[in-house]
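Reviewing the structure listed below.
What follows draws every value from the coordinates through simple rules; no lab data is involved. Here the structure is a predicted model, which means the values were calculated and not measured. Backbone-built Cβ (ideal geometry, glycine too); neighbour counts: all protein chains shown.
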């Protein structure tokens, strides 16, 4: 409940050739003042995407024409490090990314991603490097991230696939689209049974001295 179930997604790849991308770089602090949970795509990688005069920075990877409309982001190691900032996940999703592939993620960022339905896939550094190489050679490279099969497939004349590990609980959480409320409601009958017993138990407690 509350999240879109994720089973498989096919989309255009965009590569971000950087390690240790922290949450302040993903969504700078000046964009955290918004009251709602929308519009954060404007701040995604803001200090990299834009020049001082507000124009797009032509040197920044995501501004390249071939990456426009991308929905799978590929980065290097330790993506999402730094302070816990759920807004970083919102910004990535609202920009249009459905999945992020990296050689490693900061634990807090990965946990926030799970809570919000963003798929984070960890591959080896060699596998990530291969994706970078293929994306560099093949403009408009697309891939499919299949959570059910735990496999990423690059759509080339000869397709290349990579297996990724995924915690079983996290996998179910994403496939069923269950947010924290949904996970609680899965155990609704147990909670109801527990609550039904509480009044009886409370009536037989000794009054406090």
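Scale the Cα Rg of the stretch 72-181 by the rule-of-thumb value 2.2 N^0.38 Å and send over the ratio, two decimals. Present the calculation step by step, with values, prior to reporting the outcome.
On the way: Rg = 13.8 Å, N = 110, 2.2 N^0.38 = 13.1 Å.
Here the Cα radius of gyration is 1.05 times the empirical estimate.
Which length gain, in nm to one decimal place, applies between residue 77 and residue 163 when the Cα-Cα distance is subtracted from 0.36 nm times their residue separation? Intermediate values should be presented prior to the final figure.
Values: separation 86, 0.36 × 86 = 30.96 nm, distance 1.75 nm.
Contour length minus the Cα-Cα distance gives 29.2 nm.
Give me the orientation-averaged projected area of the Cα convex hull of the stretch 1-153, in nm², one decimal. Mind showing how you got there, number by number?
Details: hull surface 35.9 nm².
Mean shadow area of the hull around the Cα atoms is 9.0 nm².
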*Under a plain spin-label model, where a point goes 7 Å from the Cα along Cα-to-Cβ, how far apart in nm are residue 7 and residue 151?*
1.6 nm
